[in-house]
Amino acid sequence: MAVSFNQRYAQYFFEPVAESFEEEHWNAIKRHELVFQRCAKCKTWLHPPRPMCYQCHSYDLEWVKSSGRGKIYSWVTFIREVNPFNKVPYEVVLVEMDDEKGVRFISNMAEGNAEDLYIGMPVELVWVDVTKEQPLPMFRPVK
Amino acid sequence: MDLRNKACIVGIGSTEFTRNCGRSEIHMAVDAAMGACEDAGLEPTRIDGISRFGTAGQTATEFVTDTDLARCLGIRNLRFFVESPWGGGACCATVMLAAMGVITGTADYVLCFRSIRAATGMVRYGRPTRVPIDAHWSYSMPFGLSTPTSWVAMFTRRWMYETGATKEQLGHLAIVTRENACRNPRAIYYGRPLTMEEYLRSPILCDPFCLHDTCIENDGCVALIVTTPDRAKDLKQKPAYITAAAEATSWDSYCMTSFYREEIGIPEMEEVGKELWRRSGLTPKDMDVVQFYDAFTSLVPMQMEVLGFVKKGEGGAFLEGGDRIRPTGELPINTSGSMLSEAYIHGVNMIAEGVRQIRGTSTTQIKDVSKVLCTGGLGVPTSALILSKDEKS
């Protein structure tokens, strides 16, 4: 399967936009680092990021680099094309991260076969250049 | 103060449901509004309130504004104009706000409507044509997770995994709504029954959803008129009393991509249910027929679970064979063919069907109906309402 893109239609790629308090998440991705936001005070993970910890209302937030390991929580497979940039078929996975409690992350499977996917499947991070400017964190089965 | 039967729906109007209406949203809205006025026996210029789906911001849904419609209907001035956000989640909320408007005396006659060109307009819900402006879309759109079908498919697969629900069970729902549509000449799928074989062989759009798991892309408008029981006495129809209504968000709600909370299903409807049963003093057992919002098949058994019609995890099994949800079954549902087989008017067509069940004029009329539940869209903040035949209930 592996995601693949039709660069002729790169204008249809949805480029990430960020609120002020999310910028580091996306800046880190450009450096090939997957980081998640955490409250420095009560250690609650905050994904997607927030301006303030919703648990203890602290503004003291930190960015923590992820091990990139997780398990598939759910997934879908696009069979009908909805965007000419994304070649079908492709899988979108919801990954529950191993080391960041409660954090789930939407991504794609960059390697492996669709029929081998299952809920609970261990996956690990790989980097894929989606366009010339934009790398995205994606996943493959743990080998 | 509660709503309890202090307001009622007295008029329902509709355009034809079609793959191409050949006219604009405002044109359809005028047609449906005039239909609702004629049904009610109300001079259109007496409408002094409009309660509509959101027209602004991230969840912009309705293209027709209150001033557009007032101008075209010849209404000199509106005293009450409100909107409810979140797409299909708004459908019952528009009626709730209309009821609040007439009960408080802010308005006398409030028009609720939804005019949609999902087949030929600028916004086609099956395709990622909207330009997302809110940053939270950045956590899904760049990865190609870009359509309502795919967002609901994501939490549907998890629900199927947790409950053991099967594609065949969802197929039985698709077949029963189609049977109901085949008795309803307004329905887009009128005259086109569905077999399990056809359901299972229909093209997969976004696995686990195939074509017949998804609602119709169509054009159409449905309008409703809400007033007080006193004013209803001078009108043509037997009122459908609004016994209770509720709207709710839930923990960590996003627009159809609430994938980061403990349960990724439809907790918004669970919250709506708690409020609805508390406010009405009624239970699921009191409902004679239900119009469950069904933009996608799985949403119906999931709602049965969170609203307490079945135990958690038993929604799929309840659909098995389809008999329990057929008109003769213990829980008749979606009697017009609903959004899977009649038309996708963001649930307003299903409220109109709820009114028909109260009046006794449905093409799939259930015997001795005194209470109807109608529900709103899922995966978003949502709403629901209970209609009654008897003012004293």
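The values are calculated or read from the model by the stated rules, or taken from the named source; none is laboratory data. As the structure is a prediction and not an experimental result, all values here were calculated from the model. All Cβ positions, even for glycine, are placed from backbone atoms using ideal geometry, and neighbour counts span all protein chains on display. For accessibility, only protein heavy atoms count, side chains too; no ligands or nucleic acids. Shrake-Rupley method; radii C 1.70, N 1.55, O 1.52, S 1.80 Å.
Structure summary
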| read-out | value |
| --- | --- |
| Residue that is surrounded by the fewest Cβ atoms within 10 Å (Cβ to Cβ) [pool: residues in segment A:124-135 that are within 11 Å of chain B (Cβ to nearest Cβ) and not in a loop (DSSP other than H, G, I, E, B)] | A:P135 |
| Unmet criterion (only one of (1) open to solvent by 10 Å² or more (accessible area, probe 1.4 Å); (2) in contact with a Pro (Cβ under 9 Å, 6 or more places away or on another chain); (3) modelled with pLDDT of 95 or more; (4) away from every other protein chain (no Cβ under 14 Å)) for B:T163 | (4) |
| Meets criteria (farther than 23 Å from B:V380 by Cβ, among the charged types (D, E, K, R) and either outside any helix (DSSP H, G or I) or away from every other protein chain (no Cβ under 14 Å) (or both)) for B:E179 | yes |
| Among the candidates B:F318, B:F309, B:F292, residue that is under 22 Å from B:G87 (Cβ atoms) and aromatic (F, W, Y) | B:F292 |
| Whichever residue in segment B:199-212 is away from chain A (no Cβ under 12 Å) and closer than 19 Å to B:M160 by Cβ and, among such residues, is surrounded by the most Cβ atoms within 10 Å (Cβ to Cβ) | B:H212 |
| Test: residue in segment A:57-74 that is within 27 Å of B:G265 (Cβ to Cβ), open to solvent by less than 10 Å² (accessible area, probe 1.4 Å) and touching a helix residue (DSSP H, G or I) at 6+ places or on another chain (Cβ under 7 Å) | yes |
| Residue list for segment A:90-123, restricted to those being open to solvent by 50 Å² or more (accessible area, probe 1.4 Å) and at pLDDT 95 or above | A:E96, A:D98, A:D99, A:Y118, A:P122 |
| B:S250 being over 23 Å from B:A98 (Cα atoms) and polar (S, T, N, Q) | yes |
| Single residue of segment B:213-227 satisfying the filter (open to solvent by 10 Å² or more (accessible area, probe 1.4 Å) and of a type outside the set (V, I, T)) that is nearest to the other protein chains (Cβ to nearest Cβ) | B:E217 |
| Options B:K236, B:K285, B:K311; residue that is basic (K, R), touching a residue at least 12 places away in the same chain (Cβ under 8 Å) and more than 14 Å from every other protein chain (Cβ to nearest Cβ) | B:K236 |
| Of all residues making up segment A:11-25, the number that are in a helix (DSSP H, G or I) and either more than 12 Å from chain B (Cβ to nearest Cβ) or in contact with a helix residue (DSSP H, G or I) (Cβ under 7 Å, 6 or more places away or on another chain) (or both) | 3 |
| Counted residues, segment A:62-78 - those being in contact with a Lys or Arg (Cβ under 9 Å, 6 or more places away or on another chain) and touching a residue at least 40 places away in the same chain (Cβ under 8 Å) | 4 |
| Matching option when the condition is open to solvent by 30 Å² or more (accessible area, probe 1.4 Å), within 30 Å of B:A107 (Cβ to Cβ) and assigned to a loop (DSSP other than H, G, I, E, B), among B:D234, B:D230 | B:D234 |
| Count - residues of segment B:237-272 that are outside any helix (DSSP H, G or I), open to solvent by 30 Å² or more (accessible area, probe 1.4 Å), modelled with pLDDT of 95 or more and not polar (S, T, N, Q) | 2 |
| Residue that is modelled with the lowest pLDDT [pool: residues in segment B:100-121 that are part of a loop (DSSP other than H, G, I, E, B) and within 21 Å of the chain's Cα centre (by Cα)] | B:G121 |
| Among the residues listed as B:M141, B:M196, the single one being hydrophobic (A, V, I, L, M, F, W, C) and either modelled with pLDDT under 95 or open to solvent by 50 Å² or more (accessible area, probe 1.4 Å) (or both) | B:M141 |
| Filtered residues of segment A:8-47 (kept if open to solvent by 30 Å² or more (accessible area, probe 1.4 Å), of a type in the set (F, W, Y) and closer than 18 Å to B:M141 by Cα) | A:Y9, A:Y12, A:F14 |
| One residue from A:N83, A:N108 being part of a loop (DSSP other than H, G, I, E, B) and within 14 Å of B:P142 (Cβ to Cβ) | A:N83 |
| Positions within segment A:67-87 being under 23 Å from A:V35 (Cβ atoms) and within 7 Å of another protein chain (Cβ to nearest Cβ), in sequence order | A:Y73 |
| Hits in segment B:288-308 (condition: touching a residue at least 60 places away in the same chain (Cβ under 8 Å), aliphatic (A, V, I, L, M) and assigned to a helix (DSSP H, G or I)) | B:L299, B:V300, B:M302 |
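Results for (1) touching a residue at least 12 places away in the same chain (Cβ under 8 Å); (2) open to solvent by less than 10 Å² (accessible area, probe 1.4 Å); (3) under 28 Å from B:D252 (Cβ atoms), shown as yes or no for each residue.
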site	(1), (2), (3)
B:L319	yes, yes, no
B:D323	no, no, no
B:Y344	yes, no, yes
B:I351	yes, yes, no
B:G354	yes, yes, no
B:S370	yes, no, no
B:K389	yes, no, no
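Residues are listed down the side, and each one gets a yes or a no for (1) open to solvent by 10 Å² or more (accessible area, probe 1.4 Å); (2) within 13 Å of chain A (Cβ to nearest Cβ); (3) hydrophobic (A, V, I, L, M, F, W, C):
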{"site": "B:A98", "(1), (2), (3)": "no, no, yes"}
{"site": "B:H136", "(1), (2), (3)": "yes, yes, no"}
{"site": "B:W159", "(1), (2), (3)": "yes, yes, yes"}
{"site": "B:K167", "(1), (2), (3)": "yes, no, no"}
